[in-house]
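The values are calculated or read from the model by the stated rules, or taken from the named source; none is laboratory data. None of these values were measured; they are calculated from a predicted model. Quick reminder, even Gly has a Cβ in these numbers, built from the backbone with ideal geometry, and neighbours come from all protein chains shown.
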Amino acid sequence: METLQRTVSDITSEHSKEAARQPDGEGRLLPLIYELEDAKCECCGMSEEYTSEYARRAREKFSGKMVCGLCMEALRMEMERNGARSWEDALDTHMSKCMRFNQIGWAYPVLHQAKAVRSILKKSSSGGCSRAKSISPRDKGGPKKAPSRVA
């Protein structure tokens, strides 16, 4: 009966040979290979591969919620914009924005755009933003075009 032999990869084989050539028997160390896991961002819904260490730190920082790097940057900007609020407040604000976007945005981009225009118009009509004055000469009582007569 034949004996079983262990399969060795080329990298392991080369590493063993190099270690044997070293005077102290210690070869150079191979770089660490990190285990990756699939995780889905709870804000935007994007799924990516993360190291388990990164996912653990992100969940610790954001009260158990997985947050991707893009959303993490958006949270930093949200905190800078609104002063030194807590991460929880910034996370709630950002998640509500993402949820509103994901309700319509991906499936019906035209409806999302219409909803955005509607909110801009609401803000401008309520005096939420100042409107620029027109610089058109017609608005200042300048010369007006004579009506054309078509016979």
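Results for (1) part of a helix (DSSP H, G or I); (2) at pLDDT 85 or above; (3) surrounded by 12 or more Cβ atoms within 10 Å (Cβ to Cβ); (4) of a type outside the set (S, T, N, Q), shown as yes or no for each residue.
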{"residue": "A39", "(1), (2), (3), (4)": "no, yes, yes, yes"}
{"residue": "A58", "(1), (2), (3), (4)": "yes, yes, yes, yes"}
{"residue": "E80", "(1), (2), (3), (4)": "yes, yes, no, yes"}
{"residue": "A84", "(1), (2), (3), (4)": "no, no, no, yes"}
*Can you name the condition, by its number, that V67 falls short on among (1) of a type outside the set (K, R); (2) closer than 17 Å to M46 by Cα; (3) assigned to a helix (DSSP H, G or I)?*
(3)
*Quick one: would you say E26 is modelled with pLDDT under 70, in contact with a helix residue (DSSP H, G or I) (Cβ under 8 Å, 6 or more places away or on another chain), farther than 24 Å from A116 by Cβ and part of a loop (DSSP other than H, G, I, E, B)?*
yes
*Regarding R100, is this residue loosely packed, with under 12 Cβ neighbours inside 10 Å, under 22 Å from S119 (Cα atoms) and charged (D, E, K, R)?*
no
